[in-house]
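The values are calculated or read from the model by the stated rules, or taken from the named source; none is laboratory data. Since we're looking at a predicted model, the values are computed, not measured. Ideal geometry is used to build each Cβ from the backbone, glycine not excepted, and the neighbour counts take in all protein chains shown.
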């Protein structure tokens, strides 16, 4: 079997907020075309890890390589321009702007493919096309999450970091969001997904890392972890 190429490689990464060690010597890889899940309880360090990859939170120690390039000391703006994007938790949008204006901002680093990308986004999220002139803050929570995802896709990223996409959403909307994550991965997008809903995360990913108090406690293929009694007990509500 042909070996897959790393799109993201993290080596011995540590992140601290003053005396608090949020991430401790983490090693993690995402291969081209993979969906990799990062699961764990609230406060396990998942968001801190994603923020450090994007340069929002500077790492205390360790290395981060994206497409073979060391990005550990680059600014967030430069990292985004290389083809990496974050869909943050809490469906963060520019609430006073229209849906279309939010999508236009997402295309800041890739304006030349605007027409192609917005067509793709509207294909994923028809409701955004219907409400393109609507003020984004008046959308429902689920629609705001779709807008947050759509805005990220406007940059035509090479790697998508997704942080807690199910947070605060109704079960039906959560299912829709994860269906879209699956479809994005099938189309070739590489994805690193941080999520408390372990069942959904494992179902849509190839491999998984389990974080506990800032460290990687377990790592393996998602299907195998779903059948692991300890993982089922701790994260999937028992056997």
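Within the range 149-172, residues that are at positive phi and in contact (Cβ under 8 Å) with a residue 12 or more places away in the chain sit with their Cβ atoms under 6 Å from residues that are buried (at least 19 other Cβ atoms within 10 Å of the Cβ) and assigned to a loop (DSSP other than H, G, I, E, B), at 6+ positions apart or across chains, in these pairs: 164/89. Per the conditions (1) under 19 Å from residue 163 (Cβ atoms); (2) out of contact with any helix residue (DSSP H, G or I) (no Cβ under 6 Å at 6 or more places or on another chain); (3) part of a strand (DSSP E or B); (4) in contact (Cβ under 8 Å) with a residue 24 or more places away in the chain, the sole criterion not satisfied by residue 85 is (2). Among all residues of the range 203-221, there is none that is in a helix (DSSP H, G or I) and either touching a helix residue (DSSP H, G or I) at 6+ places or on another chain (Cβ under 6 Å) or at positive phi (or both).
On inspection, residue 100 qualifies as at pLDDT 95 or above, in a helix (DSSP H, G or I) and either surrounded by fewer than 21 Cβ atoms within 10 Å (Cβ to Cβ) or touching a strand residue (DSSP E or B) at 6+ places or on another chain (Cβ under 7 Å) (or both). Within the range 118-125, at least one residue is farther than 26 Å from residue 166 by Cβ and part of a helix (DSSP H, G or I). For residue 53, indicate whether it is closer than 16 Å to residue 158 by Cβ, free of Cβ contacts under 8 Å to residues at least 60 places away in the same chain and either touching a helix residue (DSSP H, G or I) at 6+ places or on another chain (Cβ under 7 Å) or surrounded by 20 or more Cβ atoms within 10 Å (Cβ to Cβ) (or both). For residue 53, the condition - closer than 16 Å to residue 158 by Cβ, free of Cβ contacts under 8 Å to residues at least 60 places away in the same chain and either touching a helix residue (DSSP H, G or I) at 6+ places or on another chain (Cβ under 7 Å) or surrounded by 20 or more Cβ atoms within 10 Å (Cβ to Cβ) (or both) - is not met.
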